[in-house]
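J.: Provided herewith is a single structure, encoded as structure tokens, for subsequent inquiry.
The values are calculated or read from the model by the stated rules, or taken from the named source; none is laboratory data. Source: prediction; values computed, not measured. Cβ sites come from the backbone with ideal geometry, for glycine too, and all protein chains shown count toward neighbours.
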Amino acid sequence: MNDPHDPSAVMLPRQTKGKRPQFFDDPAIDQVMTFVVELATELAVVRTRLDTVERLLDEHGSVTRAAIDAYEAGPGVEAERDAWLAGYFRRVLRMHAGEAPGPIES
Amino acid sequence: MAARLEESPAGNIEALYRPTHDERARQRAVSMLRKHAIIDLREAMRADYEARVAPALGGQGQPRGGWKAIEAAMCPRPSYRFYSTVRYNAQEMCYLAVQPAIERALPAMIDVARDLARRCPAGGSLTLDPGLAMPRYSQALDVHLTPGWVYREYVPDDVAQGAVVSFGGKVFTGQHPYRRNRGAVAESIGYWVRQRFPSLRPRRLLDIGTTSGGNLFPHVATFPEAEAHGIDISAPVLRFGHAIAQHAGLPVHFSQQNAERTSFPDGHFDLIVSSFFFHEIPLRSTRAVLRECHRLLAPGGVMVHMELPDEASMSDYGNFFWNWDTRNNNEPWYTAYREQDPLALCAGAGFGAADCFKLLIPDLQSFGADRYARFMRGEIAAPPHGGGGWFVFGAQKR
């Protein structure tokens, strides 16, 4: 237990050394933005997992947790998922008109 | 474990990293989030600047007060604040998204790296110096918002930060049009050196600040006759890189050294390269490293460093945009480095003024060999730095 030389016990640091910048007048907004961005990312993870479930059901008619975790998306599926992700972040992080223009469509 | 290692002549350290379904999904989402910040929100910020801020500063061409005035005017604007916060959070998440899988794989990764360091089946070597004095600046903060950066060691023979920087870097570049392939910079530099200095036949080449060798390995293919060396001050990234090289069959020599004063003899190298390096060290160290390059190069030898374009090579808005990383990406020397003229830095290190160069070279893969030939003839220009081109500077030693 707690052997300092045991690599299986290593917990990598989650905090960065260095002063965190403050982008908003109220630092609480900086913190809330972290919550928002993390939450949006978690929803994208759930959406991807649901997509895996749907694809497994389409293909096999049944699904198990093991099959979900073993699922490897091919290049075609990854491209579809990337297109969805790009649109997703554009919708979730929609900027107000006026102060700053919205994202430029390519 | 030992028996299994002997069955595989060179264990694949990267294959030990096995993120779960949801971890992979998170990494992919973070790559896209970062792209949204660096493309969409960046464009929104620029449009805001052009429409509302530039006119107030007296026009886009020559705003009063240069890039610092632009920064002061942009900081309170929502376009800047939201661009910055999304980009900052996405940067942190690149590394947070890979850490759990690395923690699980760490014992096996260390075993593989240790075994390959002992046997070196591909040739090459790994020479560590546990007594090396680490420069204070190198551990004062976590560059690129990578917790532990390249230097932290948690257990003996540790490779964890090598894996964090390497796999986190793949999340970072996952949606980058020109950096998805590891080694794109080295491929491009090697190709350009071949064209620009056709008679150069390096006996030995050196990559300084090599981390895990990502921009060293392509030079082995470009210059197969050369003995390839990579140095860095941090052991975890070198151990990790050495294991990758051994698995790939690349006879690369990694050693833990400070590039300001290496153990190599005078004139030992015919080609010295680096990438993304000088802006991470203080100016005093930059000058010392360039003097060391001059000492290490044989007559006729060449050094080529890929770096950020200097301030004078960029618009005021470009300088405001690039210097963001100084405070917000834990890269404290970034602005001070970019204020320098790379040609003057080289001349100050002992190179002849007429033998120094700075220019944009095309990214090889995206530009293609046909257009590259036209670029070499001076018929077409290279794309901008980071947008299909790479800014390089360097010199030839007489």
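J.: Determine which single condition residue B:219 fails, assuming it passes every other condition in (1) under 18 Å from the mean Cα position of the chain (by Cα); (2) under 19 Å from residue B:204 (Cβ atoms); (3) surrounded by fewer than 24 Cβ atoms within 10 Å (Cβ to Cβ).
T.: (3)
J.: Could you list all residues from the stretch B:312-357 that are of a type outside the set (Gly, Ala, Ser), more than 22 Å from the chain's Cα centre (by Cα) and outside any loop (DSSP other than H, G, I, E, B)?
T.: Step one: filter the stretch B:312-357 for residues of a type outside the set (Gly, Ala, Ser), giving B:314, B:316-317, B:319-335, B:337-343, B:345-346, B:351, B:355-357.
Keeping just the survivors that are more than 22 Å from the chain's Cα centre (by Cα) gives B:316-317, B:351, B:355.
Matches in the stretch B:312-357: B:316, B:317, B:355.
J.: Cβ contacts < 8 Å: first residue within 14 Å of residue B:21 (Cα to Cα), restricted to the stretch A:56-74; second residue surrounded by fewer than 12 Cβ atoms within 10 Å (Cβ to Cβ) and modelled with pLDDT of 95 or more, any location; separation 6+ or different chain. Result?
T.: From the stretch A:56-74, the pairs are A:56/A:62; A:67/A:60.
J.: Here is a follow-up. Tally the residues that are facing chain B (nearest Cβ under 8 Å) and either assigned to a loop (DSSP other than H, G, I, E, B) or over 17 Å from the mean Cα position of the chain (by Cα) (or both), restricting the search to the stretch A:71-88.
T.: Total meeting the criteria: 1.
J.: Now, a different point. Only residues that are within 7 Å of chain A (Cβ to nearest Cβ) and of a type outside the set (Lys, Arg): list them for the stretch B:52-87, please.
T.: Result: B:78, B:79, B:82, B:84, B:85, B:86.
J.: On to the next question. Please state which of the following conditions residue A:62 fails to meet, knowing it meets all the rest: (1) part of a loop (DSSP other than H, G, I, E, B); (2) of a type in the set (S, T, N, Q); (3) surrounded by 11 or more Cβ atoms within 10 Å (Cβ to Cβ).
T.: Failed condition: (3).
J.: With (1) surrounded by fewer than 22 Cβ atoms within 10 Å (Cβ to Cβ); (2) in contact (Cβ under 8 Å) with a residue 24 or more places away in the chain; (3) touching a helix residue (DSSP H, G or I) at 6+ places or on another chain (Cβ under 6 Å) as the list, and residue B:104 as the residue in question, which single condition is left unmet?
T.: Going through the list (1) surrounded by fewer than 22 Cβ atoms within 10 Å (Cβ to Cβ); (2) in contact (Cβ under 8 Å) with a residue 24 or more places away in the chain; (3) touching a helix residue (DSSP H, G or I) at 6+ places or on another chain (Cβ under 6 Å), residue B:104 breaks only (3).
J.: Filter the stretch B:168-203 down to residues that are aromatic (Phe, Trp, Tyr) and farther than 18 Å from residue B:224 by Cα and give me whichever is surrounded by the most Cβ atoms within 10 Å (Cβ to Cβ).
T.: The initial filter retains those residues of the stretch B:168-203 that are aromatic (Phe, Trp, Tyr), namely B:172, B:178, B:191-192, B:197.
Checking the rest, the ones that are also farther than 18 Å from residue B:224 by Cα come to B:172, B:178.
Working: B:172: 22, B:178: 19.
For the stretch B:168-203, the residue satisfying everything is B:172.
J.: Just the residues that are farther than 23 Å from residue B:214 by Cβ and of a type in the set (Phe, Trp, Tyr), please, taken from the stretch B:184-201.
T.: B:197
J.: Continuing with this model, one more query. Could you pull out the residue among A:94, A:20 that is facing chain B (nearest Cβ under 9 Å) and closer than 25 Å to residue B:46 by Cα?
T.: Numbers: A:94 fails: facing chain B (nearest Cβ under 9 Å).
Exactly one of A:94, A:20 is facing chain B (nearest Cβ under 9 Å) and closer than 25 Å to residue B:46 by Cα, namely A:20.
J.: Of all residues being surrounded by fewer than 13 Cβ atoms within 10 Å (Cβ to Cβ) and part of a loop (DSSP other than H, G, I, E, B) in the stretch A:23-59, which is farthest from the other protein chains (Cβ to nearest Cβ)? Just the residue, please.
T.: Across the stretch A:23-59, the extreme among qualifying residues is A:26.
J.: Hey, can you tell me all the residues within the stretch B:123-160 that are among the aliphatic types (A, V, I, L, M) and either free of Cβ contacts under 8 Å to residues at least 24 places away in the same chain or more than 7 Å from chain A (Cβ to nearest Cβ) (or both)?
T.: The first filter runs over the stretch B:123-160 and keeps only residues among the aliphatic types (A, V, I, L, M), leaving B:126, B:128, B:132-134, B:140-141, B:143, B:145, B:150, B:155, B:159-160.
Within the stretch B:123-160, B:126, B:128, B:132, B:133, B:134, B:140, B:143, B:150, B:159 meet the criteria.
J.: With respect to residue B:124, determine if the residue is crowded, with 16+ Cβ neighbours inside 10 Å, within 17 Å of residue B:211 (Cα to Cα) and within 21 Å of the chain's Cα centre (by Cα). It would help to see each step written out before you state the result.
T.: Working: crowded, with 16+ Cβ neighbours inside 10 Å: yes; within 17 Å of residue B:211 (Cα to Cα): yes; within 21 Å of the chain's Cα centre (by Cα): no.
It is false that residue B:124 is crowded, with 16+ Cβ neighbours inside 10 Å, within 17 Å of residue B:211 (Cα to Cα) and within 21 Å of the chain's Cα centre (by Cα).
J.: How many residues, within the stretch B:353-398, are hydroxyl-bearing (Ser, Thr, Tyr) and either surrounded by 17 or more Cβ atoms within 10 Å (Cβ to Cβ) or closer than 30 Å to residue B:295 by Cα (or both)? Full working, then the answer.
T.: First, the residues of the stretch B:353-398 that are hydroxyl-bearing (Ser, Thr, Tyr): B:366, B:372.
Applying the additional criterion that residues be either surrounded by 17 or more Cβ atoms within 10 Å (Cβ to Cβ) or closer than 30 Å to residue B:295 by Cα (or both) yields B:372.
Here the count works out to 1.
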